[in-house]
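To start, the structure under review is shown below, and the notes come after it.
What follows is calculated from the coordinates using simple rules that are stated; it is not laboratory data. On a predicted model such as this, the values are computed, not experimentally measured, just so you know. Counting neighbours? That spans all protein chains shown, and the Cβs are built from the backbone with ideal geometry, glycine included.
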Amino acid sequence: MFQRLLNFWVQSFVTERLLASKTFNQVAAKTHHHVSHLTNKGQQTSSTFMKAFKENLEKERLSAKK
């Protein structure tokens, strides 16, 4: 029981120190920027792929009718 309480205090202390750290916040901001950039880039690629896929399906549907 004492070990669990000690672990909680240590984790709380470390978390509070990290959140108060200017360096940690700068690293977190850079990481957030990079992840957001990759996510946006992936969404654009996905959007382009889906548009092309739908266009090809429509072409095939029209070709199959003939």
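With Rg/Rh (Cα atoms, Kirkwood Rh) defined as stated, name the option among (1) 1.51; (2) 0.94; (3) 1.06 computed from the structure displayed.
Given (1) 1.51; (2) 0.94; (3) 1.06, the structure-derived one carries the label (1).
Within the chain, count lysine pairs with alpha carbon atoms under 17 angstrom apart where the residues are 8 or more positions apart or belong to different chains.
5
Once the piece of chain linking ASN25 and LEU5 is laid out straight, how much longer is it, given 0.36 nm per residue of separation minus the C-alpha distance between them?
Separation in residues times 0.36 nm, less the Cα-Cα distance, equals 4.5 nm.
What residue among SER46, SER21, HIS32 has its Cα farthest toward the positive end of the dipole of the chain, where the charges are +1 on Lys, Arg and -1 on Asp, Glu, each on the Cβ?
SER46
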